[in-house]
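Novice: The following block contains the structure, expressed as structure tokens.
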Amino acid sequence: MRMEITLAKSLDRLKKIDAELQKLAHISALLSWDQETFMPDEAVGERAEQLALLEGIMHDRFTSSEAGELLGSLGVGKDTPTGSDDFNDNERAFLREFYRRYRRKTQLPRRLVTEMARQTAIARKEWAKARAESNFSIFAPHLDKILALTLEVAECLGYEDSPYDPLLDEYEPWMKTSKLEEIFRNFQEKLMELISRIVNSEKRIDTHFLMQEYDTNVQRDFSLHVLKTIGYDFSKGRLDVSAHPFTTTLGCSDVRLTTRYNRNYFNTGIFGTIHEGGHALYELGISAELQDTLLADGTSMGIHESQSRMWENIIGRSLPFWKHFFPGLKSRFPEALGDVDLVSFYRAINAVQPSLIRVEADEVTYNLHILLRFNLEKRLISGDLKVKDMPEAWNEECRSLLGIVPPNDADGVLQDIHWSMGSIGYFPTYSLGNLYSAQFFKALEQDLPDIDGSIEIGDFQEILKWLRQKIHSPGRVYPAGELCERVTGESLNPDYFMDYLENKYSDIYGI
Ligand code: MG
């Protein structure tokens, strides 16, 4: 009895520490959101100091001796990451996640963490310069430093098979490099075969009307309309503009998103909006009982991306979706779309073409862009590839996977911001998101057989209810792999994604 009271007290205290950490994280997110949206340029130096101060406070609280002692008194350790059997599912998940973060934070020396923060702050700027000038040699010495620090991080965190594992684990907990390799092996060949059939088909899809003039204010109005219709609650969020679209959580009832509009290309704004809308619906759908705990979060980047990609591509690029939205779109853009019929529009927004830039890639070739990065990252981490040789290695991979070679480094090895931020190991989560999205959607269709009929009349309530119940509400209670099995009855299986692509594109391209 005495023991139980002590346990309950320790757990309570740990939850209080966590609740404060969550509040600090939300304050920090608010500062970052402001920085990306409305902050005046001159404020950047002070804002960086404010964010660094918060980061330091959070780090100290997380790694405090009190947190360590509480975990110890709860029986949480390397071999018992969820503590005593007496705890319920949510409590065990809470302890597992707290311990996971505690370990990662305490295993990294403060010097390494601050050095990484310093080097990435510099590298981000140098990367932007290198990309603007299309000159990799400007960025190379900075990437060298980041790589050295990243290798140190991997050593500090430890691994059994591959030093890439602890890096990947930061974004996709419990996923292994070898498992990812198996997944990619499984579908790379099928994917390349499908692309080759599409590229060699007779069908040429007209996309020129997507590149007419689209007034950005009207685009914004349409974006708001779509977000409202799919169930995003504007009393708990906002839509603004930023250079790179993102979604951020400032609290249980405050999940904001951004997009960007391109005046001369329709797809950028609306699909950016729907993508981020998918992320936001996930965060807003997390059960209120998890509020102010670290379980009130997406369970992995892959699962998070499954929600954004499902809304963006599987739903947002489907024919039933545009059966509902196209008339309203056409009336907003009579000049660009007056002569365009629904099916031509549907085909155009789904046109497949191997291209150089990942963020603009269609959903079929997209995963090859990820495979390219995954291959290069693994070689960098294993020491098989030197930073200075990356442009050449990039171009070679690009040729072998996509059949094209970038004319310059800006459109090649320098196109993504991730490496300058130290985010090595992040890219594969994009592909995992695609794979999970198709597998989840298949399960959804089995439960809701007339879902196309609902989408056609603009009724998204059932979809959202299903997603909330199955995927959103548990937050981080179940790790990605377990969640996938609970929702779909099996572990991650790339065949669902391939089936989805085969079905959709054999129709669009008549192959
Ligand atoms: Mg995303």
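The values are calculated or read from the model by the stated rules, or taken from the named source; none is laboratory data. What you are looking at is a predicted structure, and each value in this text was computed from that prediction instead of being measured. Ideal geometry is used to build each Cβ from the backbone, glycine not excepted, and the neighbour counts take in all protein chains shown. These accessible areas exclude ligands, DNA and RNA; they are computed on the full protein's heavy atoms, side chains included. Shrake-Rupley method; radii C 1.70, N 1.55, O 1.52, S 1.80 Å.
Novice: Roughly speaking, what is the centre-to-centre gap between the range 443-505 and the range 83-131 when only Cα atoms are used, to the nearest Å?
Specialist: So the two Cα centres are separated by 30 Å.
Novice: Considering only the other residues whose Cβ falls under 15 Å of the Cβ of residue 201, what net charge follows from Lys and Arg at +1 and Asp and Glu at -1?
Specialist: Within the 15 Å Cβ shell, the charges total -1.
Novice: Show the residues, 5+ positions off or on another chain, whose built amide H is closer than 5 Å to the amide H of residue 240.
Specialist: Those qualifying (amide H under 5 Å, at least 5 residues apart or on another chain) are 257, 258, 259.
Novice: What ³J(HN,Hα) values, in whole Hz, does the Karplus curve 6.51 cos²θ - 1.76 cosθ + 1.60 give for the range 398-409 when θ = phi - 60°, with x put for Gly and Pro?
Specialist: Rounded to whole hertz, the list is 4, 5, 6, 8, 10, x, 9, 10, x, x, 7, 6.
Novice: Taking a 1.4 Å probe, which of 504, 125, 176 shows the most accessible area, and what order do the others take after it?
Specialist: The most accessible residue leads, giving 125, 176, 504.
Novice: Compute for the range 352-511: radius of gyration divided by Kirkwood radius, i.e. Rg/Rh, restricted to C-alpha atoms, rounded to two decimals.
Specialist: 1.03
Novice: Rounded to whole Hz and in sequence order, give me ³J(HN,Hα) for the range 296-302 from the Karplus expression 6.51 cos²θ - 1.76 cosθ + 1.60, θ = phi - 60°, writing x for Gly and Pro.
Specialist: Coupling constants for the range 296-302: 7, 7, x, 6, 7, 5, x Hz.
Novice: I would also like to ask the following. Reported to two decimal places, what Rg/Rh ratio describes the range 289-436 when computed on Cα atoms with Rh from the Kirkwood expression?
Specialist: My calculation puts Rg/Rh at 1.06.
Novice: Any idea which of 135, 54, 7 is furthest toward the positive side of the dipole for the range 2-158, if Lys and Arg beta-carbons carry +1 and Asp and Glu beta-carbons -1?
Specialist: The one lying farthest along the dipole's positive direction is 7.
Novice: Once the Cα gyration tensor of the chain is diagonalised, what are the square roots of 5 times its eigenvalues, in whole Å and ordered largest first, as equivalent ellipsoid semi-axes?
Specialist: The answer is 37, 28, 23 Å, longest axis first.
Novice: Quick one: ranking 18, 85 by accessible area, 1.4 Å probe, largest first, what do you get?
Specialist: Highest to lowest solvent-accessible surface, that is 85, 18.
Novice: Can you check what the Kirkwood hydrodynamic radius comes to for the range 162-321, Cα pairs only, in Å to one decimal?
Specialist: Here the Kirkwood hydrodynamic radius works out to 18.1 Å.
Novice: In a solvent-free Debye calculation with one equal scatterer on each Cα, what is log10 I(q)/I(0) for the range 2-158 at q = 0.11, 0.17 Å⁻¹, listed in the order of the q values?
Specialist: So the normalised log intensities are -0.60, -1.08.
Novice: Report, in whole Å, the centroid distance computed from the Cα atoms of the range 186-201 and the range 281-319.
Specialist: 29 Å
Novice: Considering only protein heavy atoms and a probe of 1.4 Å, how much of the accessible area of the chain is carbon and sulfur, as a whole percent?
Specialist: That share works out to 48 percent.
Novice: Here's something else I'd like to know. Can you order the peptides 144-150, 447-453, 411-417, 24-30 by their average number of other Cβ atoms within 10 Å per residue, highest first?
Specialist: The densest-packed peptide leads the list: 411-417, 144-150, 24-30, 447-453.
Novice: Please give the per residue volume of the convex hull enclosing the alpha carbon atoms of the range 36-96, rounded to a whole number of Å³.
Specialist: Expressed per residue, the convex hull around the Cα atoms of the range 36-96 is 112 Å³.
Novice: Okay, helix-only estimate at 222 nm for the chain: each DSSP H run of n ≥ 4 adds -39500 (n - 2.57), divide by all residues, round to 500 deg cm²/dmol; what do you get?
Specialist: -20500 deg cm²/dmol
Novice: Of all trypsin sites (Lys or Arg not before Pro) in the range 243-343, which ones are in loop regions per DSSP and have a Cβ with at most 13 other Cβ atoms within 10 Å?
Specialist: 263
Novice: What's the extension gain from residue 452 to residue 181 if we count 0.36 nm per residue and subtract their Cα-Cα distance?
Specialist: This chain segment gains 94.1 nm when fully extended.
Novice: Report the one residue of 282, 39, 393 whose Cα lies farthest in the direction of the positive end of the charge dipole of the chain (charges on C-beta: Lys and Arg +1, Asp and Glu -1; origin at the Cα centre).
Specialist: Toward the positive end, the furthest listed residue is 39.
Novice: Hand me the trypsin sites (Lys or Arg not before Pro) from the range 1-96 located in a DSSP loop with no more than 15 other Cβ atoms within 10 Å, in residue order please.
Specialist: Here the sparse-neighbourhood loop sites are 78.
Novice: At 0.36 nm per residue, and after removing the present C-alpha to C-alpha distance, how many nm does the segment from residue 343 to residue 27 gain when stretched out fully?
Specialist: Fully extending the segment from residue 343 to residue 27 adds 109.2 nm.
Novice: Given a Förster distance of 30 Å, report the FRET efficiency between residue 129 and residue 212 from their Cβ-Cβ distance, rounded to the nearest 0.05.
Specialist: Once rounded, the FRET efficiency stands at 0.35.
Novice: With θ set to phi - 60°, apply the Karplus curve 6.51 cos²θ - 1.76 cosθ + 1.60 along the range 496-508 and write out the HN-Hα couplings as whole Hz, x wherever there is a Gly or Pro.
Specialist: Coupling constants for the range 496-508: 5, 5, 4, 4, 4, 5, 4, 4, 5, 7, 5, 6, 4 Hz.
Novice: Filter the GluC sites (Glu not before Pro) in the range 151-184 down to the DSSP loop ones having no more than 11 other Cβ atoms within 10 Å, then list what survives.
Specialist: Hits after loop and neighbour filter: 160.
Novice: I want to verify the translational diffusion coefficient of the range 223-312 in µm²/s; compute it with Stokes-Einstein, Rh as the Kirkwood radius over Cα pairs, at 4 °C and 1.567 mPa s.
Specialist: For the chosen part, D equals 98 µm²/s.
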